[in-house]
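Read the figures in this text as sums done on the coordinates, not as results from a lab. No experiment lies behind these values; they were computed from the predicted model shown. When we count neighbours, we look across all protein chains shown, and the Cβ atoms used for this are built from the backbone with ideal geometry, even at glycine.
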There are 4 protein chains.
Amino acid sequence: MNFCSDNVTGVAPEIMAALAAANEGAAMPYGNDECSQRLEAKFSDLFETAVTVFPVATGSAANALALSVMAPPFGAIYCHAESHINVDECGAPEFYTGGAKLVTLTGSHGKIYAADLAAVLARSGAGVVHHVQPAAVSLTQASEAGTVYSVDEVHDIAEITHAHSLSLHMDGARFANAVVSLGCSPADITWRAGVDVLTFGATKNGAMAAEGVVFFNQSLAETFSYRRKRSGHLFSKMRFLSAQLEAYITDDLWIRNAAHANQMAATLAAGLTSLPGAHLCHSVEANEIFIQLPEAVIEGLVADGFRFYRWEGEHSTTLRLVTAFNTREEDVTAFLEAARRYSTVDSHTVLGELTTV
Amino acid sequence: MNFCSDNVTGVAPEIMAALAAANEGAAMPYGNDECSQRLEAKFSDLFETAVTVFPVATGSAANALALSVMAPPFGAIYCHAESHINVDECGAPEFYTGGAKLVTLTGSHGKIYAADLAAVLARSGAGVVHHVQPAAVSLTQASEAGTVYSVDEVHDIAEITHAHSLSLHMDGARFANAVVSLGCSPADITWRAGVDVLTFGATKNGAMAAEGVVFFNQSLAETFSYRRKRSGHLFSKMRFLSAQLEAYITDDLWIRNAAHANQMAATLAAGLTSLPGAHLCHSVEANEIFIQLPEAVIEGLVADGFRFYRWEGEHSTTLRLVTAFNTREEDVTAFLEAARRYSTVDSHTVLGELTTV
Amino acid sequence: MNFCSDNVTGVAPEIMAALAAANEGAAMPYGNDECSQRLEAKFSDLFETAVTVFPVATGSAANALALSVMAPPFGAIYCHAESHINVDECGAPEFYTGGAKLVTLTGSHGKIYAADLAAVLARSGAGVVHHVQPAAVSLTQASEAGTVYSVDEVHDIAEITHAHSLSLHMDGARFANAVVSLGCSPADITWRAGVDVLTFGATKNGAMAAEGVVFFNQSLAETFSYRRKRSGHLFSKMRFLSAQLEAYITDDLWIRNAAHANQMAATLAAGLTSLPGAHLCHSVEANEIFIQLPEAVIEGLVADGFRFYRWEGEHSTTLRLVTAFNTREEDVTAFLEAARRYSTVDSHTVLGELTTV
Amino acid sequence: MNFCSDNVTGVAPEIMAALAAANEGAAMPYGNDECSQRLEAKFSDLFETAVTVFPVATGSAANALALSVMAPPFGAIYCHAESHINVDECGAPEFYTGGAKLVTLTGSHGKIYAADLAAVLARSGAGVVHHVQPAAVSLTQASEAGTVYSVDEVHDIAEITHAHSLSLHMDGARFANAVVSLGCSPADITWRAGVDVLTFGATKNGAMAAEGVVFFNQSLAETFSYRRKRSGHLFSKMRFLSAQLEAYITDDLWIRNAAHANQMAATLAAGLTSLPGAHLCHSVEANEIFIQLPEAVIEGLVADGFRFYRWEGEHSTTLRLVTAFNTREEDVTAFLEAARRYSTVDSHTVLGELTTV
C-alpha cells in the first residue's frame, strides 16, 4: 500500500530470472560478455534504427553522462524548472559537464513548449563570449508532472532545437509509461520526432538498477565510454546490467509493466476525482497522480497505513500518488474505499476544528 | 578455466539468495530501507569501532568518491605508479576531486614504502602556492602485484602520512584476500594501523556489484552523501546494494571466499614455480600470480582453452593468473597438468620453429 | 562621447603615475614586493577592521574565485537573475566552484530582497541529498540596474543569509559608486552590515585592470591563494596590480572618481527625464541610466556620433547610458542638447517615414 | 643585483610608452579596440602564416587555456617531469582541462626526447577505456633547465606526436631567448617544425603582464574565447594587454631584449665556470644558468647582497642564476669579481669555521 514512488518496488520476476541465468559460468568483464555484446542489436531492433546503447545503473548517471557529451563546460542546457535534472540530482549535470548551466523554462503541467523555447533561444547569446553557449535541450517523457509529450510536441521542440544547432535529450525515466500512454512506437516518439539521445529508464518499471543511454545521433557517442569509465559507471560484471535491460525489452515486458502501472493510475485517478473537494492538478497520462484532497481524507488515509508524499511541503494537501508495474488492484480498491469513507465525514467540521487549534 | 581476473566470476550463491530475499515487498528508496539502515551497525561490529559506511556499485566509484573528500582540487594524492587509481580508472580520481594530482612512487612489488614516502613528503612543496598541496596517501591492499602490506608497513606509512597532516586511504578491492593472508582482524590492518578511509571491496570476491566506502575518520564523511548523489551513485533501490554487503559480511562469507581464492592461488603458484624456466615476479600473498613461463608452455595452455592475460603486452611471457572464490580445484589441477605437459616439450625446438616463421 | 560602459575608459592619471613609480628597480615576484606587502594594512585601515585582500586583474576572476571558497561543488549560490555572475561571465562561477548551481531570484530594479530570499531559503532542500546545498548569497552593489542597496537592505539580507549558515558575497564592480551614493563608510555597507567577502572593483573606476577580493570573514580565505595560482591569476609582477589598488585608495581617489561619475549620471538623467516620451526604468542611484526614449531621439543621437547600447535587443528603445570617472561635462551637455533637438521633431512623422521604407 | 628570476624585472621602456599611448581616449572593451583588432595580422606577419592569437596576462593562464582545448577531461598530456606545467602551476592544467592527467617523461637537461616519447606512446593505452587517452604533448622552449630544443628535435617530437594524432604545445615563457639562441625564424621553430599551439611569453622579457596564445592549428582555437572569458582572463580594457604585445614584437624589441639577456648569461657562465670547484649542470643556451659553486663562494655572494636561488633546497650548493633584458653589464662584472674574490679564500677554512658554529 505504498504509493510514494515507483522506486519503492522490487524487481520484476522476469528480471530476477534473467539475473539468475546470467550468473552461469565465467564471463569476460566490462561489457565483453555475450549478453552485453548482443544488446546493441536488440535495441536497434526495438527502435527500428541503428543505435548505440550504454547500460548504466542509475537515472542520474544516465542523464548526466548523456548531457556531458551534448554540452561543453561553457554550454547551456535548456530544461523545465521542475525537471529532475534541475531539481533532484544534486547538480549531477553540472558535475559531469564541468560546469554547464541549466537554463530553465516554466511551462504548465511539467512540460516545455516549442514557442517558449523559440523565444528563449532567440535571445540566447549564441556566439557572444560573455554568455554560456546554447548546447542542448532536455525534456522528460513522461514529465515530472505525470503528463506526456505528444509526438507533435516533441517534433516541434526538436525542430527548434536543431534549427539552433543544439541537440535534444529525452530523460525517459518513465519512458515506458509514456509510450504506453501514446500508443505509438518507441521510434515515433524518439528519433523520428528528432530526439538525439534517450535515457531509457528501466529501474522504476521493474529492473533492479538499470538504464540504457541510447544514442540515435551516434556521433555524439564517441567519448561516452571514457566518460562512463571515469565516473565509475562501467561495471566489471557488466552482464548483470545488460541482462536486466535485455529481459526488460524481451517479450514486451517493459510495455506490459507500464501498461499495468498506467491502468492502475487511471483507476485510482478516476475514483479520487469523484470525491468532493478533490482537484486534479494535472491530467493523468502515465503512472503519476497529482491531486488535492481534503485534509481529513489525507489524514484518514495516513491513519489507515497508506503511504504517499504530500507534494511541496509537509502541510500541503496536494498529494503525489505513483503506481507501478506491481501495484495490486486490491490496494487501489482499498485506497479508494478508504478515501471515500473519510470523505463522507463533514470535512467542514474537520477543517473547522483544525482552524480552532 | 578462466584465470583472467576475479571479475569474470558471477555472484556467490549466498549473495544471490540475499538479493532474492531483499526483493520481498516495497521498501523506501535511497537507503531508507531496513537493510541499509542496519548496515552501519554491522560494519561497526565487523571493524570493532564506530564507522560510517556508504555502499556504491563499483570500485572506481568507491575510490574516487573517497578521495574526493580527502583532497581539494589543488591537492596531491600520493600513490604507487602502478596503482589502479593511477592507471586503470581513466582519471576518475582527477574527475571526482576536481583536478587533484596523483603523485606517484615506484616501490618494488607493487607497494609504497614509508621511507620513500617520507623522502617525497619532505620536499612536497607544502604551503608554497606554486605547488599542489599534499592531501592524501593511497595504498592498495592487497596490492596490484598480488602482495600484501603487513600491519607494520601500514602503520609506518600512516605515521608519516599523519605527521604531515594528510589522510590515509586504502583501496581494498581485494581487502578480503589481504586479511586472510595476514590472518589479522580487519581492525588491525585498518584503523588501528592508521587508515582513515577504506574501499571495502566485495565485487571481486562474490558480490554482483557492491563496495563499501568505510570511514574510520568520520569527520571526512561529512559531504560524502552529496557527492555520491551528484555522481549518480546513490541507488534508488539501495536495498539491493546493501543486501549484497550484508550477506557478504554475514557468517564470514567474505573470509571464506577469500580463503578459498588464496588457497587456489597458492596451489597454482606452487605447481608452476617447479616448472623449468618458470620465474615468479612477486611473492604470491593473495589471489594473484605474476609469473614468467616459457612461450611454449603459454601457447600450449592457450591451445588447451585456458584463459589468462599476458601482462604488459601481447608478446610478453609474463602471465597474470587470478583465482577467485569459485575457482574449482579441478581447474587448477588441469592447468598444472597441462603446463607440465607442455613444459616437457623441447622448448628450444618450439622456439626454433617459431623463429623460422 | 562614448556612454557604452565605464570600461571604455582608460586609466586615471594617478594610477598611470603609480604604475610608472612601481617600475623602479627589481622586485620579488608573486606578491613578495613591498607594495603588495603593505596592501593588506591599507585595506584594513580603509575598512576599519582586519581584512585579507587578494589582488586580481578582472571582475569575473574576483567574483568566481570568491565564490569558489564560499560554495562547494554541490552548493547553491543565490543571486539575482540579471546579476553579472549569472548572465555575463560565461559560467565562471560554475567553473571555479566545480559545478555549483546559481539559483536566481527576480526582484525589481535589479535587487534581491530579504523577504524573497527568506521564502526561497525556507524551501531550499538543505540537508536533503537530492538537492544542491545552500551555500552563499551574492548581491551586486551598485546593482546591474544602477540601483543601490541601502545599509538596512544589506543588513536584512545578511541576517537571513547567516541564519541559514550561508555566506554573503558582494560583487562590488561599482562599489565606489554605491558608497558615494549612500554617503556611508565602506565598513558600514560591508562587514558591519554582514558582508563576508567583497569584490572591490577598481577597473571600471580608473584602474587598468585591478580588483581586490576582500575577506572580512578571514577563515574563508584559507585556500584562496592556491585557487588563485591554479587559475592563472597570480601575477609574477604582482607589484603592478598592487600599485593600482594602492593608488586607487590613496587620497580618496576612488571616492573622487566615483563622485564625478555619479554626478554626471545625475545630470544626464535629470536632463533626459524632462524630454517628452522619456521614461526612466530604474531610479538613477549610481553611474548607470536605463531609460526609454523615442526612437527618433535615439536615431538622432546615433547620427550625431554618440555611442551607447540599446538594452535587451537591437530594436529596443530602452538605452543604457553609463558615465565614468572621466566623463566630460561638455559631453553630457552636448548629449542633452542633441536629445532635446531630436525630441522637438514630430516623432510621428519620423516613425511614419520609417514605416514607408 | 637580483638574479633570482627574469620576473623580478619591471617593464621595458618601450612597453611603458605603449601603455601610455594606449591610454588615449575611449576604446571599446573586450578586444574590440583597434590595437587588439590589428594584433592578429601582426602576429601572422611575424610567424609568416595565418595565426589566431589570444592575449592573456599570465603564463599559467596561457598554458592552461591552451591545453584545455588540446585535451579532453579524460586526456593525457605528455610533458617533462620538471616542466613548469607539471610542477609550478598548482595544478592549473588539471583545473582547466577538467582533470586531464599529466604523464611525465624524464629526459636529461630538462628536455623530452623523441625516442622516449615514442616508447611511452607505444604503450599509451589509446582506445582502451580504462586508461586516460593520449591527447597532447607539451615541451618548454627554452626549457626549465635553460637548454634549447633544436629545430630537428622539435620536428622529431612533432612527427611522433602527430603520428599518434596528438597535438603539440610549446610553452614559450622564454621563447624569445630560444629563438635568439637558435638564430632561426619564429616560424622555423614552431609551425614549420610541427608546433600546433604556442604560449608566446612576453612578461619575463619586458612586458608588465602579457602572453599570447598563438594557434597555428586554428581549428583548435574554436572554443578558446569562451574558455578565456569563463576563466576570468578576458580583460575589459583589453587594449592594455594588446598594446604590450604589439610593442613587444615591434622593431624586434623582443629579439633585442632576449639577445641582451642571453649575452649576459653567457658572460656570467663563462666567468663562473673558470672558478675552481664550479660545475655547470646544463649547457647555458638561453638566459638561465644552473651551476654548482663552493659554499664559501655562495655565502660570500649572499653577504655582498647578490640575490639568487639555491636550487632544490636551502642547503643546496647548486644555484640558478637568471639574467634578463635589463640586466646591467656592471652587475654581471661585479658578480664575477665577488665570486672570484670568495673563491680565492681557502674554502676548507671557511667550511671548518662553519662547522664549529
Which residues, counting only those in region B:198-221, are more than 14 Å from the chain's Cα centre (by Cα) and closer than 13 Å to B:S167 by Cβ?
B:F215, B:F216, B:N217, B:Q218, B:S219, B:L220, B:A221
Any residue at all in region B:36-49 that is β-branched (V, I, T) and buried (at least 24 other Cβ atoms within 10 Å of the Cβ)?
no
Residue list for region A:149-181, filter: in a loop (DSSP other than H, G, I, E, B), on the phi < 0 side of the Ramachandran plot and surrounded by fewer than 24 Cβ atoms within 10 Å (Cβ to Cβ)
A:S150, A:H164
From the set of residues in region D:155-208 that are within 14 Å of chain C (Cβ to nearest Cβ) and among the polar types (S, T, N, Q), which is farthest from D:T323 (Cα to Cα)?
D:T199
Those residues that are more than 11 Å from chain D (Cβ to nearest Cβ) and crowded, with 20+ Cβ neighbours inside 10 Å, I need them from region B:125-134; list them, please.
B:P134
Quick test of your reading of the structure: D:L268 fulfils all but one of (1) of a type outside the set (G, A, S); (2) within 30 Å of D:Q292 (Cα to Cα); (3) under 19 Å from the mean Cα position of the chain (by Cα). Name the failing condition by number.
(3)
Cβ-Cβ under 6 Å pairs, at least 6 apart or on other chains, region A:169-194 side more than 12 Å from A:V148 (Cβ to Cβ), far side among the aromatic types (F, W, Y)
A:P186/A:F47; A:A187/A:F47; A:W191/A:F216
For region D:121-130, which positions are in a helix (DSSP H, G or I) and of a type in the set (K, R)?
none
Of all residues in region A:182-208, count the ones that are surrounded by 24 or more Cβ atoms within 10 Å (Cβ to Cβ) and in a helix (DSSP H, G or I).
3
Take region A:300-339 and flag every residue that is of a type outside the set (A, V, I, L, M), assigned to a helix (DSSP H, G or I) and surrounded by 15 or more Cβ atoms within 10 Å (Cβ to Cβ).
A:G300, A:D331, A:F335
Considering region B:50-65, residues that are among the hydrophobic types (A, V, I, L, M, F, W, C) and over 17 Å from B:K204 (Cβ atoms), and then whichever is surrounded by the fewest Cβ atoms within 10 Å (Cβ to Cβ), we arrive at B:A50
Can you run down the residue pairs with Cβ atoms below 9 Å, 6 or more apart or on separate chains, where the first is in region D:130-153 and of a type in the set (F, W, Y) and the partner is part of a strand (DSSP E or B)?
D:Y149/D:L139; D:Y149/D:T140; D:Y149/D:M170
Residue identified as at positive phi and more than 16 Å from the chain's Cα centre (by Cα) among B:D304, B:D252
B:D252
Residue among A:D156, A:D116 that is among the acidic types (D, E), more than 30 Å from B:Y30 (Cα to Cα) and without any contact (Cβ under 8 Å) to a residue 12 or more places away in the chain:
A:D116
B:M70 vs (1) touching a residue at least 24 places away in the same chain (Cβ under 8 Å); (2) in contact with a Cys (Cβ under 8 Å, 6 or more places away or on another chain): all pass except (2)
